[in-house]
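These notes concern the structure reproduced below.
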Amino acid sequence: MEGFTMVDLQALSINRDDHNNGSFRRKKELELADMFKDSTIEKLPDKVLLNIFSYLSHLEICRMATISRRWRQIAYDSRLWKNVSLRPEISGLHVGSLESLMTLISARFGPSLRYLELPIELITHHVLHELAAKCPNLTHMLLDFQQAMQLHDFSELQAFPAKLRYLCICLSEVIFMEGFMRKIYNFINGLEVLHLVGTYEKTDQEEEEIYEVINVHKLKAATPNLRVINLYGINFIDDSHIDAFSSNCIQLECLAVNFCNKVTGATLKTLFQRSKRLKCLLMNGTSLQSEHVMTVEWDKTILQELDITATDLSSECLIDMLTRIPSLKFLSAGQINGFNDSVLKAWMESGNCKSLLSLDLDASDNLSDEILIKFVTRYGAQLQACILSGMAHITDQLWMTILPILKSAKILVMGCHERLSVNIHVDQLMDAIATNCPKLERLELRWDPENLRFSDKSQKAIDLLRVKCLKLRCMVLSDGRYYELVKANFERADRMTVVRNTTCCRVSPYYMIQNYNDLIFN
């Protein structure tokens, strides 16, 4: 109906139970349409349109710019271009030439620009000079060299954004960065957050030569004010690089070396002796050795967040470490054969779980139902994240037992991908989650769809979850009939983005980490 674009049909306030007569609804719709027949989106003031555009992606904003001259003017407002990614695979935006980018920097970005992502073909000394001159408030930058086979010539680089607080560099496997880095060292001493992202997910395991494509020992001397360091999936990073950063970065609060498989923990003792403010240590997928870890004076640290997932630490080492860390709030210790009942029992008896808010024990097959129930019974009321996935013996029966205790839960992950010999009665599970976890924000059920059993009255259980858990923003399920049922239910309630598939989404306890926003990259 023409002129009806601004009308929210819910404003009709029709009680469908009392007025299910089609002619009555049609009459009300016509009355309301007549009332707003002269009201179109073109009559909205510019500031309202600007606010509407702010909810669109930059690719969508560019499309809106083709509608009319007025919309083009609003779409090019620099206030809509504060955080910009020019990597086509991320944002869909592709800048065809350096001249076009120079124009954008001057005319559209300017002083409003705060965050910028650049692909390798757009990282030149001319572009960096223009950013330094025209974007004085640029504080966050990502430079993507991953696909690079050779660098541009930076011999004439004389200027670089000088107010950066966050810098993310995506490294190439073969391009040596020192020629570029040598030119920017004088401009990055104000950095507080540094990401160096490697090629862990793309590297062939049979690769023979490993190149140290960036000189960490020189980089640490230029960045003394770092609070957060994330070295992700870099195949040349080892203990000496951790030692180098700790020798100069006395403000260090968070160190992440996930999937740096050359890290063994040999310099951990020195790290904690130097970095007195270190509260977060993330070492997922590293090659930690128990003898090195046991030399650390854990009782003298202020460590609050620890990830040792997929390491080969022994039970003896785990007991020694966990019983000496005084106030751990976040622990991810999944996929560790040494994490067994004796470890969890010793940790409980030490009393060091009193501050625990997040526990991830994914795929810890050596833990029994009995010890998990005892632990959750004692500490479950304080847990905001509980990950007990990847264990075939943990079924809906255990979850039904512990859910009444998990009143504070914001993140729950349950189930395993392997086909089970027993069935999961998901309706009663949804009822229990909705009844006991009103604060829930993220939920993942990893069970095979063939193991899920639900009745014709499943809609009622899903309705209860949707209505009771109003903060739920992500629910992940394996593809199947139940996934389609839940997705359709939430979409009918205009909650289009809540239900997702395990193929493209996973729930992580990392949302609980204090420096989570600083750790986001790529």
Is there any pair linking a residue in the range 67-90 that is closer than 10 Å to Leu50 by Cα to one that is open to solvent by 90 Å² or more (accessible area, probe 1.4 Å) and basic (Lys, Arg), with Cβ under 9 Å and at least six apart or on different chains, and which?
-> Ala75/Arg63
How about the range 381-400: which of its residues are within 26 Å of Arg453 (Cβ to Cβ), open to solvent by less than 10 Å² (accessible area, probe 1.4 Å) and in contact with a Lys or Arg (Cβ under 8 Å, 6 or more places away or on another chain)?
-> Ser389
Report, by residue number, each residue of the range 340-357 that is among the polar types (S, T, N, Q), modelled with pLDDT of 95 or more and within 28 Å of the chain's Cα centre (by Cα).
-> Ser355
Look at Arg378 and say whether it is of a type in the set (Lys, Arg), closer than 24 Å to Ser342 by Cβ and open to solvent by 10 Å² or more (accessible area, probe 1.4 Å).
-> yes
Can Arg473 be described as buried (at least 19 other Cβ atoms within 10 Å of the Cβ), touching a residue at least 24 places away in the same chain (Cβ under 8 Å) and basic (Lys, Arg)?
-> no
Can you tell me how many residues in the range 365-385 are closer than 25 Å to Lys279 by Cα and out of contact with any helix residue (DSSP H, G or I) (no Cβ under 7 Å at 6 or more places or on another chain)?
-> 3
Which listed residue, of Ile234, Ile302, is crowded, with 21+ Cβ neighbours inside 10 Å, under 26 Å from the mean Cα position of the chain (by Cα) and among the aliphatic types (A, V, I, L, M) = Ile234
Looking only at the range 270-299, which residues are part of a helix (DSSP H, G or I) and buried (at least 16 other Cβ atoms within 10 Å of the Cβ)?
-> Thr270, Leu271, Phe272, Arg274, Ser290, His292, Val293, Trp298
Out of all the residues in the range 68-82, which are surrounded by 13 or more Cβ atoms within 10 Å (Cβ to Cβ) and more than 24 Å from Lys134 (Cβ to Cβ)?
-> Trp71
Within the range 390-400, track down each residue that is in a loop (DSSP other than H, G, I, E, B) and not hydroxyl-bearing (Ser, Thr, Tyr).
-> Gly390, Met391, Ala392, His393, Ile394
Listed by first then second residue, the pairs whose first member lies in the range 477-501 and is of a type in the set (D, E, K, R), whose partner is surrounded by 18 or more Cβ atoms within 10 Å (Cβ to Cβ), with beta carbons under 6 Å and at least 6 positions apart or on separate chains, are Lys487/Val499; Arg500/Val476
Would you mind stating whether Tyr483 is out of contact with any Asp or Glu (no Cβ under 8 Å at 6 or more places or on another chain), of a type in the set (Phe, Trp, Tyr) and surrounded by fewer than 16 Cβ atoms within 10 Å (Cβ to Cβ)?
-> no
In the range 466-485, the residues that are under 23 Å from Ser389 (Cβ atoms) and more than 24 Å from the chain's Cα centre (by Cα) = Lys468, Gly480, Arg481, Tyr482, Glu484, Leu485
Which of the residues that make up the range 401-460 are part of a helix (DSSP H, G or I), loosely packed, with under 15 Cβ neighbours inside 10 Å and among the β-branched types (Val, Ile, Thr)?
-> Thr435
In the range 305-337, which residues are open to solvent by 10 Å² or more (accessible area, probe 1.4 Å) and within 21 Å of Ile242 (Cβ to Cβ)?
-> Glu305, Thr309, Ala310, Asp312, Asp320, Arg324
In the range 494-507, what residues are assigned to a loop (DSSP other than H, G, I, E, B) and surrounded by fewer than 17 Cβ atoms within 10 Å (Cβ to Cβ)?
-> Asp494, Arg495, Met496, Thr497, Thr503, Cys504, Cys505, Arg506
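The values are calculated or read from the model by the stated rules, or taken from the named source; none is laboratory data. All values derive from a computational prediction rather than experimental measurement. Ideal geometry is used to build each Cβ from the backbone, glycine not excepted, and the neighbour counts take in all protein chains shown. We work out accessible area using only protein heavy atoms, side chains counted, and drop any ligands, DNA or RNA first. Shrake-Rupley method; radii C 1.70, N 1.55, O 1.52, S 1.80 Å.
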